[in-house]
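Q: Mind looking over this structure? Questions follow.
The values are calculated or read from the model by the stated rules, or taken from the named source; none is laboratory data. Everything numeric here is computed off the predicted structure, so don't read it as measured data. Reconstructed Cβ throughout: ideal geometry from the backbone, glycine too, with neighbour counts over all protein chains shown. Accessible surface areas use protein heavy atoms only, side chains included; no ligands, DNA or RNA. Shrake-Rupley method; radii C 1.70, N 1.55, O 1.52, S 1.80 Å.
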Amino acid sequence: MRVRGRVMPEGSEVDLWIDHGLFSVEPIANADFVHDGGWILPGLVDAHCHVGIEYGGGHTDLSGSIRQAQTERGVGALLLRDAGSPVDTRELDERDDLPRIIRAGRHIASPKRYIPGLAIDIEDESQLPEAVAQQARFGDGWVKLVGDWIDRSVGDLRPLWNDSILVDAIAAAHAEGARVTAHVFGEDALPGLIAAGIDCIEHGTGLTDETIEMMVDHRTALVPTLINIETFPGIADSATRYPVYARHMRALHARVADTVGRAHDAGISIYAGTDAGGSIAHGRIADEVAALARVGLSPTDALGAACWDARSWLGRPGLEHGAPADLVVYSEDPRGGPDVLANPELVILRGRVTDRGASTTRRSEAGDD
């Protein structure tokens with residue numbers, strides 16, 4: 001196949017050929033011309049989602065996981081970083097028509113300190129390094145900790161782990177060649193996690209000037225999941241038995257734009273993740289990109305956080321010669337807003353056309369110059 005259009009972020013016009021599922025910048029004779037004009041991106045990235053967790057709560061089966069992956073593919077999200085799921089989705093890797101998934105195994109938490117049924121519960125935190133090593137071996141180069149959650153005995157967010165055991169746990173993951181990330185809403189868990197060498201923070205609504213500086217020094221990434229943070233007022237409204245926690249969640253929500261904006265201004269690497277699964281439906285990466293632009297990222301940087309920059313961070317190629325042919329094509333500039341970004345004209349996955357917009361037509365290369 002052959003595709004022509006402007007590539008991001010440069011905006012230069014290129015021709016790309018696809019042969020046996022791989023990109024080529026060298027012409028291939030008799031290639032079918034599947035799209036001419038518009039904008040070409042490597043497949044989009046949702047850097048924080050949960051394949052296997054149902055929208056609205058609970059687990060899904062394998063067929064439900066496939067439907068979720070198909071939904072992501074339809075909006076051009078062809079690389080998914082699964083930030084913890086109780087469902088083993090590795091069978092999806094055998095299908096050429098579904099997005100690639102980078103798994104973090106299962107969440108690791110302590111009893112009664114996370115959503116029931118989702119995490120591996122560690123009875124004694126001395127077991128944490130071994131649990132981390134096991135999940136590192138099970139996953140695809142990532143491990144997910146629950147860094148804080150409501151402690152009902154005190155009625156507010158509290159860290160789950162002591163700082164010293166975090167040092168050992170993160171070192172155990174790194175020894176297995178895996179990176180570590182953590183769910184963190186509040187302020188108190190962040191210093192210990194960052195100082196222990198964690199690679200990424202999910203949500204990060206409790207960041208302060210001090211912990212932002214620590215993240216810069218440690219080169220810790222941030223995936224703020226902004227469209228998920230929009231659910232905080234509803235969480236607070238339901239927490240009538242815990243008024244301190246409810247006020248805390250409302251305060252974190254109220255200042256999130258400033259928090260993430262300051263993190264961006266400080267130079268922290270920020271990537272786009274929706275937290276799809278649970279309270280967020282799959283297929284909303286375009287909304288997350290728009291949310292990042294609203295808190296201070298330029299339209300190009302916000303798109304890069306869900307595309308070429310995210311791919312580089314996760315160690316996956318873009319439109320390079322010899323790379324797997326995963327791309328999305330738009331008739332308009334994809335920085336034009338979520339209505340544009342969520343509706344690609346053409347989706348090619350592993351060198352196969354999987355989805356087409358209504359205005360896309362196939363034509364032969366014959367007669368083209």
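Q: Looking at region 83-190, which trypsin sites (Lys or Arg not before Pro) are in a loop (DSSP not H, G, I, E or B) and have at most 14 other Cβ atoms within 10 Å? Show your work: numbers first, answer last.
A: Details: sites: R90, R95, R100, R103, R106, K112, R113, R137, K144, R152, R179; in loops: R95, R106, K112, R113, R152.
Those satisfying the criteria are R95, K112, R152.
Q: Can you put V7, V25 in order of accessible area, largest first, using a 1.4 Å probe?
A: From most accessible down to least: V25, V7.
Q: Per residue of region 159-171, what does 6.51 cos²θ - 1.76 cosθ + 1.60 with θ = phi - 60° give for ³J(HN,Hα)? Whole Hz please, x for Gly and Pro, Karplus curve as stated.
A: Going residue by residue, I get x, 8, 10, 6, 4, 5, 6, 5, 4, 5, 5, 5, 5 Hz, with x marking Gly and Pro.
Q: Using Cα pairs closer than 8 Å and at least 6 residues apart in sequence, work out the relative contact order for region 1-129, in percent.
A: Details: 214 pairs, mean separation 22.5, N = 129.
Relative contact order comes out at 17 percent.
Q: Enter the accessible area of D333 (Å², nearest 10), with the probe set to 1.4 Å and all protein chains included.
A: 50
Q: Measuring from centroid to centroid over Cα atoms, what is the spacing of region 34-95 and region 153-173 in Å?
A: For region 34-95 versus region 153-173, the Cα centre distance is 30 Å.
Q: Apply the Kirkwood formula to the chain: the hydrodynamic radius equals the inverse of the mean of 1/r over all pairs of different alpha-carbon atoms; give it in Å with one decimal.
A: Numbers: mean 1/r = 0.0474 Å⁻¹.
Hydrodynamic radius (Kirkwood, Cα only) of the chain equals 21.1 Å.
Q: Under a plain spin-label model, where a point goes 7 Å from the Cα along Cα-to-Cβ, how far apart in nm are E26 and A254?
A: About 6.3 nm, to one decimal.
Q: Which of the peptides 299-312, 114-127 is most tightly packed, and how do the rest follow, going by the mean number of other Cβ atoms within 10 Å of each residue?
A: Details: 299-312: 22.3, 114-127: 15.3.
Ranking, from highest mean packing down: 299-312, 114-127.
Q: Considering only T240, T220, T60, give the residue with the highest GNM mean-square fluctuation for the chain, with springs between Cα atoms whenever their separation is below 10 Å.
A: Sorting by GNM fluctuation, first place goes to T240.
Q: Across the Cα atoms of region 216-299, what radius of gyration and what greatest pairwise Cα-Cα distance (Dmax) are found, in Å?
A: 13.8, 41
Q: So, one more: Which value results when the Cα radius of gyration for region 1-134 is divided by 2.2 N^0.38 Å?
A: Values: Rg = 19.8 Å, N = 134, 2.2 N^0.38 = 14.1 Å.
For region 1-134, the normalised Cα radius of gyration comes out at 1.40.
Q: Against the globular-protein guess of 2.2 N^0.38 Å, express the Cα radius of gyration of region 58-140 as a ratio, rounded to two decimals.
A: On the way: Rg = 14.3 Å, N = 83, 2.2 N^0.38 = 11.8 Å.
Expressed relative to 2.2 N^0.38 Å, the Cα Rg reads 1.21.
Q: How much of the accessible area of the chain, in percent, comes from carbon and sulfur atoms when a 1.4 Å probe is used? Provide the component values of the computation, followed by the final result.
A: Values: 6850 of 14820 Å².
So the carbon and sulfur contribution to the accessible surface is 46 percent.
Q: Ignoring everything except DSSP H segments at least 4 long, calculate the 222 nm mean residue ellipticity for the chain; use -39,500 (n - 2.57) per segment, divide by total residues, nearest 500. Write out the running numbers ahead of the final one.
A: On the way: 13 runs with 113 residues, N = 369.
Estimated from H runs of four or more residues: -8500 deg cm²/dmol.
Q: Can you sort Y245, Y330 by 1.4 Å-probe accessible area, starting with the largest?
A: Details: Y245 25, Y330 0 Å².
Correct descending sequence by accessible area is Y245, Y330.
Q: For region 214-341, with every protein chain kept in place, what is the accessible area per residue (1.4 Å probe, Å²)?
A: On the way: 5040 Å² over 128 residues.
About 39 Å² of surface per residue is accessible.
Q: Convex hull over the Cα atoms of region 222-369, averaged projected area in nm²? Walk me through the numbers on the way to the answer.
A: Values: hull surface 46.6 nm².
Approximately 11.7 nm², given one-decimal rounding.
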